[in-house]
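Enquirer: Structure provided below as C-alpha cells; questions to follow.
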Amino acid sequence: MGKVVERKKLTWFQELYLPQVVQGLGMTFKQMFKKEITLQYPEERQQFYDDYRGAPGLVKDQEGREKCVSCQLCEYICPPKAIVIKPGEIGGPDNVAETEVNENVEKAPKEFFIDMLRCIYCGYCEEVCPEEAIFMTSMYELNGQTRAELVHDKDRLYEIGGTRVDTIQKWKGK
Amino acid sequence: MSFSEEPLLYIGVNLAKIIIVTHVVLVVCAYAVLAERKVSAWMQDRVGPNRVGYFGLLQPIADALKFFFKEDIVPGHVNKALFVLAPAIALMPSLIVLAVIPIAPPVVVMGHTVPMVIADLDIGILFLFAISSLAVYGVVLAGWASNSKYPLLGGVRASAQMISYELMLGLSVVGIFMATGTLRLMDIVNLQVDGVWNCFYHPIAFIIFVIAAFAETNRLPFDLPEAETELVAGYHTEYGSMKFAMFFIGEYAAMFGFSALVAVLFLGGWDIPFMSSETFASLGNWGAVVGFISFMTKVLAFMFLYIWVRWTIPRFRYDQLMNLGWKVLLPIALVNVIITGLFNLPKGS
C-alpha cells in the first residue's frame, strides 16, 4: 500500500488564480535582468581545474627530453586497451632518443599510440606512470574526418602534452 | 473623400494604406519571432540569437531566407488540395482583420481628410470577429489534410478550443457596445480619446478579453493545438519550409491583430493620456504620427505580454481549459453583460 498524500487545500486567494499568475509573471520579469550563465563557446571557454580529465598527452621535462621510458605500465593498466607502445632503445644502432643520449635512461618509446575512440578518460595511465610522463590534459575537443585521425601517435601526444615544468628534476647532476 | 469624387486619389491613398499596414505587420511579425527568442533566452539566463548581425538583429532575414530556399515537401499520404490550402487559410484572416483597425488620427492629404483605417466599416467589430474565426479552419484543415494522428488531434483540439473561447471573446465586448452604442471601431476610439479608456470602465471585460485572446491565438497557456510536448507539433507536424512559415506568420499576425484590437477596444487606440482629439487635430499630420507611435507602443507592449506569459505559465490540461472556459469565464462574462446593462439603463431609457 502506498502512502496517500493529501493535496493541500488552496486558500481562497490562491483559488482566484490570477494573483498567482501575476506573481509568476513578476518572477520571470526579474529573471530577465539576471546575468546569463551561458558561454559564447568558440570565443569564451570554460576554465578547468588542473585535475580535469581530458585527452591524455605525453610530456617532456624542463630540458625538452621525453620522460617516457616505455615501461608499458599504462598499456598494461589501460581498461579499454586504448594504448599501444612499441618500445625502443636509447643508444646503440636503433637509437630512438631525439635529444642527447642520457646514459641513465635505456629505453624510450619508438612508437606510442592512444586510440581516442577507445579511451574512456579514466586517468589510470596518469596514475600508474612511474616517470610522470603521461597526463590527462584539459583538451576536450576531439574530432576527425576519419578513424585514423583519432588514433593519436607519438608526435600528436607530445603536441597535446607539451613541456611540463615542475619542481622535480630527476636527472639533474646525474 | 469618396471614390465618386476623386477616384485616382482615393485608390492611391487606399493602396498606400494597405501597403503600409501589411508591411508594418509583417515586419513586426518577423521581429516578434526574434523578440520571442530573445525574451525567452533572457528569462532562462541565456543569451538568445546573437550571431546574425549586431545583437542578432538580422536573424529574421536569415530565417526567412532559410524558409524560402528549403525544399517544399508534400508528404505522400496527405490530401493535397487541402494540405496546400490550409496554411493560406491560417494566414489570410489574420491579415484581413487589420483592414478595420484604426491605427492613427485622420491625416489630411491634399485638402482631404483621410481616416487612418483601410475600411471604415460601420460593423467593424462584427466583421473582425467573423473573419478572425475563419482562422480556425486553417488549423482544422491542416490537421485533417495531414492524414496522421498528431495533426488530427491538434486540429480537433483547436476547433473545440476556439469555438469555446470565441464565445467569451464576443460576450466580453458586448458590454462596450452597450455603453458606447456603436460597432464602429473608429467611434469607439474617438470616445476613448475624449473620455476614459474602456479598460477602466470595463475591467472584467478587459481581463476576459485578454484571456480569450490568448486562447484564440493558440498561445500558451492555451496552445493545446500545438502542444509540442504531447503532439509533436500539433497541426503543423507534417508541414515544412514556406508552408510552415505561413502558419508561423499567421500565429504572429493573429497576435498582432488581437494586440491591436485590445489597444483599440480597451486602451484607447492612439490616445495618449491627457490629450484630447483637439490636441491631436491641432498638431496636424504630426498628430497622426504621434498617434501612430502611441498606438504601436500599446500593441508592442501587449505583444510583449503575450511572449512574457508564454515563458511563465505552463500549458493547461484539456479539461482544465474547457472548465475555465465554460464554467468560469462564460458565467462571469454573462454577469458582466447584465451589470453593464444595469449601469447603462438611465442612458437608454
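The values are calculated or read from the model by the stated rules, or taken from the named source; none is laboratory data. Note that the structure is a prediction, hence the values are computed from the model and not measured. In this analysis, Cβ positions are derived from the backbone assuming ideal geometry, glycine residues included, and neighbour counts consider all displayed protein chains. Each accessible area value is taken on the protein alone, full model and side chains, heavy atoms only, with ligands, DNA and RNA left out. Shrake-Rupley method; radii C 1.70, N 1.55, O 1.52, S 1.80 Å.
Enquirer: Considering only segment A:31-40, I want to know if a residue exists there that is part of a loop (DSSP other than H, G, I, E, B), surrounded by 14 or more Cβ atoms within 10 Å (Cβ to Cβ), of a type outside the set (Val, Ile, Thr) and in contact with a helix residue (DSSP H, G or I) (Cβ under 9 Å, 6 or more places away or on another chain).
Expert: yes
Enquirer: Could you list all residues from segment B:242-267 that are open to solvent by 20 Å² or more (accessible area, probe 1.4 Å) and either modelled with pLDDT of 90 or more or under 24 Å from residue B:195 (Cα atoms) (or both)?
Expert: Correct list: B:267 only.
Enquirer: Here's another thing I want to ask about it. Testing residue A:50 on (1) touching an Asp or Glu at 6+ places or on another chain (Cβ under 9 Å); (2) more than 10 Å from chain B (Cβ to nearest Cβ), one condition comes back false. Which one is that?
Expert: (1)
Enquirer: I'd like to verify a number: residues in segment B:280-318 that are closer than 18 Å to residue B:228 by Cα, open to solvent by 70 Å² or more (accessible area, probe 1.4 Å) and either assigned to a helix (DSSP H, G or I) or aliphatic (A, V, I, L, M) (or both), how many?
Expert: So the count comes out to 1.
Enquirer: Being at positive phi, within 14 Å of another protein chain (Cβ to nearest Cβ) and loosely packed, with under 15 Cβ neighbours inside 10 Å is the filter here; which residues of segment B:4-56 pass it? Reasoning before the result, please.
Expert: Here is the first cut: in segment B:4-56, the residues at positive phi are B:45, B:48, B:53, B:55-56.
After this cut, where a residue has to be within 14 Å of another protein chain (Cβ to nearest Cβ) as well, the list is B:45, B:48, B:55-56.
Across segment B:4-56, the qualifying residues are B:45, B:55.
Enquirer: Could I ask something else about it? Checking residue A:25 against (1) within 14 Å of chain B (Cβ to nearest Cβ); (2) open to solvent by less than 30 Å² (accessible area, probe 1.4 Å); (3) assigned to a loop (DSSP other than H, G, I, E, B): exactly one of these is not met. Which one?
Expert: The number of the failed condition is (3).
Enquirer: What is the number of the single condition among (1) at pLDDT below 85; (2) open to solvent by 30 Å² or more (accessible area, probe 1.4 Å) that residue B:61 does not meet?
Expert: The failed condition is (1).
Enquirer: Can residue A:8 be described as charged (D, E, K, R), open to solvent by 100 Å² or more (accessible area, probe 1.4 Å), without any contact (Cβ under 8 Å) to a residue 12 or more places away in the chain and away from chain B (no Cβ under 14 Å)?
Expert: Spelling it out, residue A:8 is indeed charged (D, E, K, R), open to solvent by 100 Å² or more (accessible area, probe 1.4 Å), without any contact (Cβ under 8 Å) to a residue 12 or more places away in the chain and away from chain B (no Cβ under 14 Å).
Enquirer: A further question follows. Where residues in segment B:165-200 are part of a helix (DSSP H, G or I) and without any contact (Cβ under 8 Å) to a residue 24 or more places away in the chain, which of them is nearest to residue B:118 (Cα to Cα)?
Expert: Step one: of segment B:165-200, the residues part of a helix (DSSP H, G or I) are B:165-180, B:185-194, B:198-200.
Cutting the leftovers down to without any contact (Cβ under 8 Å) to a residue 24 or more places away in the chain gives us B:180, B:187, B:191, B:200.
Details: B:180: 22, B:187: 15, B:191: 20, B:200: 28 Å.
Restricting to residues being part of a helix (DSSP H, G or I) and without any contact (Cβ under 8 Å) to a residue 24 or more places away in the chain, the top hit is B:187.
Enquirer: To continue, here is another question. Working only within segment A:73-89, note down all residues that are outside any strand (DSSP E or B), surrounded by 18 or more Cβ atoms within 10 Å (Cβ to Cβ) and of a type outside the set (A, V, I, L, M).
Expert: Of everything in segment A:73-89, those that are outside any strand (DSSP E or B), surrounded by 18 or more Cβ atoms within 10 Å (Cβ to Cβ) and of a type outside the set (A, V, I, L, M) turn out to be A:74, A:75, A:78.
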